[in-house]
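Colleague: One structure is given below, represented as structure tokens, and several questions about it will come after.
The values are calculated or read from the model by the stated rules, or taken from the named source; none is laboratory data. As the structure is a prediction and not an experimental result, all values here were calculated from the model. Counting neighbours? That spans all protein chains shown, and the Cβs are built from the backbone with ideal geometry, glycine included. The accessibility values were calculated without ligands, DNA or RNA, using every heavy atom of the protein model including side chains. Shrake-Rupley method; radii C 1.70, N 1.55, O 1.52, S 1.80 Å.
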Amino acid sequence: MKFRYAMVCSSNQNRSMEAHSLLKKQGFEVSSYGTGAHVKLPGPSLREPNVYEFGTPYKYMYDDLRRKDSELYRRNGILAMLKRNATVKLAPQRWQENAVDGVFDVVLTFEEKVFDMVIEDLHNRDQVLLKAVLVINLEVKDNHDEAAVGAKHTLDLCQEIEKAESWEESIDEIIAGFENKYRRKLLYSVSFY
């Protein structure tokens, strides 16, 4: 593959990890991140989420939730998601702390708020290399079914970007083709860092 990809959602759990897992299986050079202050997973009620620090291993979260209420977290798919995540990487990572991972050519976000945070972060970084990075937002609801569909759409989009001689010259056509095919609107921006 020609390009390095980053998948970014809020907690680096569902949407970014579903896409990360699928792209990794297809041979893409891909990483994933979250932009939130903490990792939040559903709890017994909306007012009682399970909150972890970024860097907490997925296996630890899995064991913790299984101990708290195995039936609830099995039924809502959280345990299966964490089990999948642990096969992809050790722990969720925070986008704002990823400088040591190097630069990316393409960043995909799955929520407009996350897109805005990534753009803001890139603008605030020291722009030493002045390397162009394409940031695309594909709005995906944060549930397991939508994350799976979003990952397939992300794979299709990344495959189209890979086919291009230069994404800088053909991104408008790639975006228009995707939007026509899936009837989904994309936001995109080119930043430098």
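Colleague: Kindly indicate whether any position in the stretch 129-139 is open to solvent by 30 Å² or more (accessible area, probe 1.4 Å), at negative phi and modelled with pLDDT of 95 or more.
Modeller: Yes.
Colleague: Go through the residues of the stretch 43-51 one by one and say whether even a single one is under 30 Å from Ser189 (Cβ atoms) and open to solvent by 10 Å² or more (accessible area, probe 1.4 Å).
Modeller: Of the stretch 43-51, the ones under 30 Å from Ser189 (Cβ atoms) are none.
Scanning the stretch 43-51 turns up no residue that is under 30 Å from Ser189 (Cβ atoms) and open to solvent by 10 Å² or more (accessible area, probe 1.4 Å).
Colleague: Quick check on this structure: which one of Ser16, Ser32 is touching a Cys at 6+ places or on another chain (Cβ under 7 Å) and open to solvent by less than 10 Å² (accessible area, probe 1.4 Å)?
Modeller: Ser16
Colleague: Of all residues in the stretch 35-45, count the ones that are aliphatic (A, V, I, L, M) and either touching a Lys or Arg at 6+ places or on another chain (Cβ under 8 Å) or closer than 20 Å to Ala80 by Cα (or both).
Modeller: Number of matching residues: 2.
Colleague: Now, a different point. Condition (residue is in contact with a Leu (Cβ under 8 Å, 6 or more places away or on another chain), more than 25 Å from Gln159 (Cα to Cα) and part of a helix (DSSP H, G or I)) applied to the stretch 80-88: is it met by at least one residue?
Modeller: Scanning the stretch 80-88 turns up at least one residue that is in contact with a Leu (Cβ under 8 Å, 6 or more places away or on another chain), more than 25 Å from Gln159 (Cα to Cα) and part of a helix (DSSP H, G or I).
Colleague: To continue, here is another question. So, in the stretch 158-174, of the ones that are in a helix (DSSP H, G or I), among the aliphatic types (A, V, I, L, M) and touching an Asp or Glu at 6+ places or on another chain (Cβ under 9 Å), which residue ends up surrounded by the most Cβ atoms within 10 Å (Cβ to Cβ)?
Modeller: Ile161
Colleague: Among the residues of the stretch 70-83 satisfying the criterion of being of a type outside the set (Ser, Thr, Tyr) and either surrounded by fewer than 16 Cβ atoms within 10 Å (Cβ to Cβ) or farther than 14 Å from Lys59 by Cα (or both), which is farthest from the chain's Cα centre (by Cα)?
Modeller: Going through the stretch 70-83, the residues of a type outside the set (Ser, Thr, Tyr) turn out to be 71-72, 74-83.
Filter once more, so that each one left must be either surrounded by fewer than 16 Cβ atoms within 10 Å (Cβ to Cβ) or farther than 14 Å from Lys59 by Cα (or both): 71-72, 74-77, 80, 83.
Values: Glu71: 27, Leu72: 25, Arg74: 23, Arg75: 24, Asn76: 21, Gly77: 18, Ala80: 18, Lys83: 17 Å.
The residue in question is Glu71.
Colleague: What pairs come up if the first residue lies in the stretch 87-108 and is in contact (Cβ under 8 Å) with a residue 40 or more places away in the chain, the second is assigned to a helix (DSSP H, G or I) and among the hydroxyl-bearing types (Ser, Thr, Tyr), and their beta carbons are under 6 Å apart, counting only those six or more places apart or on different chains?
Modeller: If the second residue must be assigned to a helix (DSSP H, G or I) and among the hydroxyl-bearing types (Ser, Thr, Tyr), the pairs left are Val88/Ser21; Leu108/Thr154.
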